[in-house]
Amino acid sequence: MTNLTHMSIADALKGLESKDFTAVELAQAHIDAVAAAKDLNAFVTETPEIALKQAKESDKRRSAGKAGALDGIPLAIKDLFCTKGVQTTASSHILEGFIPQYESTVTANLFADGAVMLGKTNLDEFAMGSSNTTSYFGNVVNPWKGADGKDLVPGGSSGGSAAIVAARGAMGATGTDTGGSIRQPASFCGIIGMKPTYGRCSRWGVVAFASSLDHPGPFARSVEDCALLLNSMAGHDPKDSTSAQRDVPDFAAALTGDIKGLKIGIPKEYHADGMSDEIEKLWQQGMDWLKESGAEAVEISLPHTKYSLPAYYIIAPAEASSNLARYDGVRYGLREDGEDLREMYENTRAAGFGDEVKRRIMIGTYALSAGYYDAYYIKAQKVRRLILEDFDKAFEQCDAILTPTTPSAAFPIGENEDDPIKMYLNDIFTVTANLAGIPALSVPAGLDANGLPLGLQIITKAWDEETAFKVGGVIEEKAGFTALPQTLAQKAA
Amino acid sequence: MAQLTKGKTGEWETVIGMEVHAQVIAESKLFSGASTKFGADPNSQVSLVDAAMPGMLPVLNEHVVEQAIKTGLGINSKVNRTSVFARKNYFYPDLPQGYQISQFDKPIVGEGKIEIDLKDGTVKEIGITRMHLEQDAGKSLHDQHPTKSYVDLNRSGCALMEIVSEPDIRGPEEAAAYISKLRMILRYLGTCDGNMDEGSMRADVNISVRKPGGELGTRAEIKNVNSVKAVQQSIDFEVARQIEILEDGGEIKQETRLWDPDKNETRSMRSKEEAHDYRYFPDPDLLPLELSQEQIDAIKKTLPELPDEKKHRFIGEFGLSAYDASVLIAERSRADYYETVAKDRDAKLAANWVINELLGILNKNDQDILDAPIKAEQLGGLISLISDNTISGKIAKDVFAEMYKTGNDAAAIVEEKGLKQVTDTDAIEAVIDEVIAENPDNVAAYQGGKDKLFGFFVGQVMKKSQGKANPAAVNELLKKKLS
Amino acid sequence: MSMDKKTVRKVAGLARIKMDDAELETMAPQLSKIIDWIEQLSEVNTDNVKPLANVVSIDLPLREDKITDGDCADKVLTNAPEEVQNFFVVSKIVE
Ligand SMILES: [Mg+2]
Ligand SMILES: [Zn+2]
């Protein structure tokens, strides 16, 4: 029998349909793979019983000829999506033990299409981080190893999701991307990650970090799989006032490979200081592949790129400081008693939040406070408009923009910990798309000198995920990225 | 005219601005589908959105927006084409999100004004600064347990309109007139039930005193003022308190004070003393609310006739006194009732009957005009019987009493009880003859010049005819027979 | 340094996060460094630029005024740290 955990979703769907294997077998294979990948600490909560139950039902549906678009496909769910009856923590102590009585729209959509849930994946606490080292439940380990065998970060914040998909413990996963939290871990783990247009996937039932920047999106090991997942996750949700009433196109159908005449923008400002030659080379390689396929390179300018991270680090913490005010020990989650009510709040929040979350709440509170609001918050919002306008202008000249996803490959756990700003710079290439709310896809394009994956990012106009998938599909094909994380390669050998 | 208060050092002028919170009449909450009904079991009208569960998002209630537009137009204020919902951040157990969704620098309604009627017959304009929509908070109960407070979120998220006045109010009478007028307008519009007992309307009263015409003084904000009476009492108390402090050489602290209706005093709210920094910012879960001029105009067309217009029309169209008109327009239901009674009838007579008889008995029995056992059309029927001389005014009072008791039509009662006025001259003459025959002494005295006795004969005739004799006919015939 | 200990203490109070002196000492320079780095925004000329709060280009959706939710006290209270007779319970609020 084929290796059930190494298949693509598209192939698995075919296999299920032709009865090569059952959903239960597929689920069991992944449950075993999850168990084998225990060392990665990719999950906060594993739900094998739910997976098997869902798989059984899936098999029944399929026999009855009522299989959905993702029927029987085992997925990992970022523990930021509220799942009915299953603990949802946002990897924070303050939500430990919280059992939502509701299902997020995105996961509900996936389950309605027949997807199977393997568990809730670990993340940076409240999705605040780029290394998955801020989780209350311990850091996630990247299945790819450093040259010296060192444990590496999987990226963040959706590190658990990326790591388990890369480790073949799940066929796909959900993530959320506020500043790069899908694309950066996808790049670090050698898989595909898509941040769709803001308003494409509902935020209802997703624990909020920064409402105007949070984007749910999928992880998978092929561009096509990623498109299939997004198809299921996306759609208008009347419960989310920022969800757009737009038809969801057949994203997978966009993967024609035909990019003839497409204009690909290369932003000159992305040649960031100290970008490694390797990344520079890979980027060039990516452009060459696209040209070979008939696309045309255009130099574009995104002049405010440099200011995107500082603007982000006002807007996101400001929104977060308010979004996280509900964690007060009154209605759910952790409560640490105190002499009086105020002390109860202060003790609860001091004990419940980790350092990075506290730092961001503090920055956000400060930026919104009397006397600083205009200088920081309003200023950042103005810069945000300039960044959006940069893209508007760029898309007058091109159909898609190609950039590296990250300024480096995955780094060892513990590195960059001493300096928050160094950590923040991980998102330098990804954060602009969040500020502008436009689609961006990361596709693994090669390995660095240490044998670690590196991704390229394709950014397109709002609502044009199809072009991103189309261009991403060409890169995928040209790159022929088949490398396996060392842990799996060893096992395979 | 400004009302001045005498202190030891001379006269003081009171300056008042009010923030009135009015709960919007709507089935469901401002941003969730939970019910707004009053008095339900604890936390039974709470959605996961109202409880601020992680990942829950607000969706704006269309009807509430229309209600706010209506109210803005009804208080002669500018409806803003663009308004923005903002978060007001503070921690409190009855505020589940840790912020209140409100409107800050871009409210749905801007400047305007309303007129208040004062006792001396003058009319004064009170400026409206703004009106915005916001979420109500939940309720904390402090008297259920010695060391605990209990939190009920049923009200959490109900839609409120906060109507902010200019500091144009000059004393307790004006303040009472302002809130009463506001209440009347909102009830006319059907945008707030004005039920102050249930907290659907609450006032925060900002009070300061100054020497007449002098610089504005430091103000105290009195919270939790829940009746027109409490508005007046809290102002009286607070003005006296402030004058005493100032006259003793002290300073007024800018603070929030709580009105205690049991002790009849205001006291400082310690918990609110801490300097607030609400960190308002636009709610990223909601986009700006854009209204089209057509939409505003369409709502304008649906506005009912408002109290002031109605009052002037009643005076002009029906020839009522200003006093009668203002009594009749105080409630829209009352005015509607009156208009039905008065339609194609003697409007002044109708006003007398509605005000003196109907409202009198309803008041006595603590009944609302909507529950009156006599429907407007029925009272109209009674008025018609008086006007066409079917019954006398006196008989009409008995018929009215019977109508109130039974709910029957006037005509039916008159018919059934045989109360029709007797206009038949022969019949009346027969009664008169009887009376003359029975009272020879009085006849002699009358004829001897004691004119005052005429009334006696009228009374006797009416009595004998059980009030049914037509008084005019009685008069005429009596005069003839006695001469 | 843009955020001194006193400011950090005040902000921690607004955010209701207990911080002892040692934490304030560590936090202050960290936050200052971040704020200093953010200060580079002042280089950007934003004259006549309107602030951008949200990028999605749709009209604010409105909901019909119908009762579609609530009546689920069990769901609302199931995760409560302390609950009595369907009330959330907290230490006494002093007013
Ligand atoms: Mg107020
Ligand atoms: Zn208010």
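The values are calculated or read from the model by the stated rules, or taken from the named source; none is laboratory data. Quantities reported herein were computed from a predicted structural model and do not represent experimental measurements. Cβ coordinates were reconstructed from backbone atoms using ideal geometry, including for glycine residues, and neighbour counts include every protein chain displayed. Remember, those area values only see protein heavy atoms, side chains included, never the ligands or the DNA or RNA. Shrake-Rupley method; radii C 1.70, N 1.55, O 1.52, S 1.80 Å.
Data overview
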| read-out | value |
| --- | --- |
| Residue check for residue B:474: open to solvent by less than 50 Å² (accessible area, probe 1.4 Å) and within 30 Å of residue B:350 (Cα to Cα) | yes |
| Residue in the stretch B:90-100 that is more than 12 Å from every other protein chain (Cβ to nearest Cβ), more than 13 Å from ligand 1 (Cβ to nearest atom) and in contact with a Gly (Cβ under 6 Å, 6 or more places away or on another chain) present | no |
| Matching option when the condition is modelled with pLDDT of 95 or more and of a type outside the set (Val, Ile, Thr), among B:419, B:359 | B:359 |
| Evaluation of residue A:52 against (1) more than 14 Å from chain C (Cβ to nearest Cβ); (2) in contact with a Phe, Trp or Tyr (Cβ under 9 Å, 6 or more places away or on another chain) (one fails), failing number | (2) |
| Residue A:376 being at the interface with chain C (Cβ under 10 Å from one of its Cβ atoms), open to solvent by 10 Å² or more (accessible area, probe 1.4 Å) and among the hydroxyl-bearing types (Ser, Thr, Tyr) | yes |
| Selected residue (criterion: farthest from ligand 2 (Cβ to nearest atom)) from residues of the stretch B:3-17 that are among the polar types (S, T, N, Q) and either touching a His at 6+ places or on another chain (Cβ under 7 Å) or open to solvent by 10 Å² or more (accessible area, probe 1.4 Å) (or both) | B:9 |
| Hits in the stretch B:96-143 (condition: away from ligand 2 (no atom under 12 Å from the Cβ) and of a type in the set (A, V, I, L, M, F, W, C)) | B:108, B:109, B:114, B:116, B:118, B:123, B:126, B:128, B:141 |
| Scope the stretch B:18-30; condition more than 12 Å from ligand 2 (Cβ to nearest atom), closer than 20 Å to residue B:131 by Cα and open to solvent by 10 Å² or more (accessible area, probe 1.4 Å); matching residues | B:25, B:26 |
| Members of the stretch C:8-65 that are in contact with a strand residue (DSSP E or B) (Cβ under 7 Å, 6 or more places away or on another chain) and basic (Lys, Arg) | C:63 |
| The one condition in (1) without any contact (Cβ under 8 Å) to a residue 60 or more places away in the chain; (2) open to solvent by 10 Å² or more (accessible area, probe 1.4 Å); (3) under 17 Å from the mean Cα position of the chain (by Cα) that residue A:53 fails to fulfil | (3) |
| Which numbered condition residue A:290 misses (of (1) open to solvent by less than 10 Å² (accessible area, probe 1.4 Å); (2) at pLDDT below 95; (3) farther than 24 Å from residue A:215 by Cα; (4) of a type outside the set (Gly, Ala, Ser)) | (2) |
| Residues that are open to solvent by 30 Å² or more (accessible area, probe 1.4 Å) and touching a Gly at 6+ places or on another chain (Cβ under 6 Å), drawn from the stretch B:66-79 | B:76, B:78 |
| Strands (runs of 3 or more DSSP E) wholly inside the stretch B:125-197 that include at least 3 residues being within 16 Å of ligand 1 (Cβ to nearest atom) | B:159-165 |
| Which numbered condition residue B:54 fails, given (1) touching a Cys at 6+ places or on another chain (Cβ under 8 Å); (2) at pLDDT below 95 | (2) |
| Search result, residues across the stretch B:101-120 that are more than 16 Å from ligand 1 (Cβ to nearest atom) and open to solvent by 60 Å² or more (accessible area, probe 1.4 Å) | B:106, B:111, B:113, B:115, B:117, B:119, B:120 |
| Any chance residue A:84 is open to solvent by 40 Å² or more (accessible area, probe 1.4 Å) and more than 14 Å from chain C (Cβ to nearest Cβ) | no |
| Any hit, the stretch A:153-168, residues being closer than 19 Å to residue A:129 by Cα and assigned to a strand (DSSP E or B) | no |
| Filter pass, residue A:97 being touching a helix residue (DSSP H, G or I) at 6+ places or on another chain (Cβ under 7 Å) and either of a type in the set (Gly, Ala, Ser) or assigned to a strand (DSSP E or B) (or both) | no |
| Residues that are free of Cβ contacts under 8 Å to residues at least 60 places away in the same chain and of a type in the set (Gly, Ala, Ser), drawn from the stretch A:330-378 | A:338, A:350, A:364, A:367, A:369, A:370, A:371, A:375 |
| Boolean, residue B:117 is acidic (Asp, Glu), within 27 Å of residue B:303 (Cα to Cα) and modelled with pLDDT of 95 or more | no |
| Any chance residue A:2 is among the hydroxyl-bearing types (Ser, Thr, Tyr) and at pLDDT 95 or above | no |
| Members of the stretch B:225-249 found to be in a strand (DSSP E or B) and either more than 16 Å from ligand 2 (Cβ to nearest atom) or surrounded by fewer than 20 Cβ atoms within 10 Å (Cβ to Cβ) (or both), listed by number | none |
| Residue within the stretch B:166-189 that is of a type outside the set (Phe, Trp, Tyr), within 14 Å of another protein chain (Cβ to nearest Cβ), away from ligand 2 (no atom under 16 Å from the Cβ) and in contact with a Pro (Cβ under 7 Å, 6 or more places away or on another chain) present | no |
| Residue tally, condition in a helix (DSSP H, G or I) and either within 14 Å of residue A:143 (Cβ to Cβ) or in contact with a Leu (Cβ under 6 Å, 6 or more places away or on another chain) (or both), over the stretch A:31-50 | 6 |
| Filter result for residue B:204 (closer than 20 Å to residue B:265 by Cα and within 16 Å of ligand 1 (Cβ to nearest atom)) | yes |
| Test: residue in the stretch A:28-39 that is farther than 24 Å from residue A:185 by Cα and either in contact (Cβ under 8 Å) with a residue 40 or more places away in the chain or touching a Lys or Arg at 6+ places or on another chain (Cβ under 8 Å) (or both) | no |
| Matching option when the condition is surrounded by fewer than 24 Cβ atoms within 10 Å (Cβ to Cβ) and within 26 Å of residue A:30 (Cα to Cα), among A:175, A:149, A:217 | A:149 |
| Test: residue in the stretch B:147-155 that is open to solvent by 60 Å² or more (accessible area, probe 1.4 Å), more than 16 Å from ligand 2 (Cβ to nearest atom) and among the polar types (S, T, N, Q) | yes |
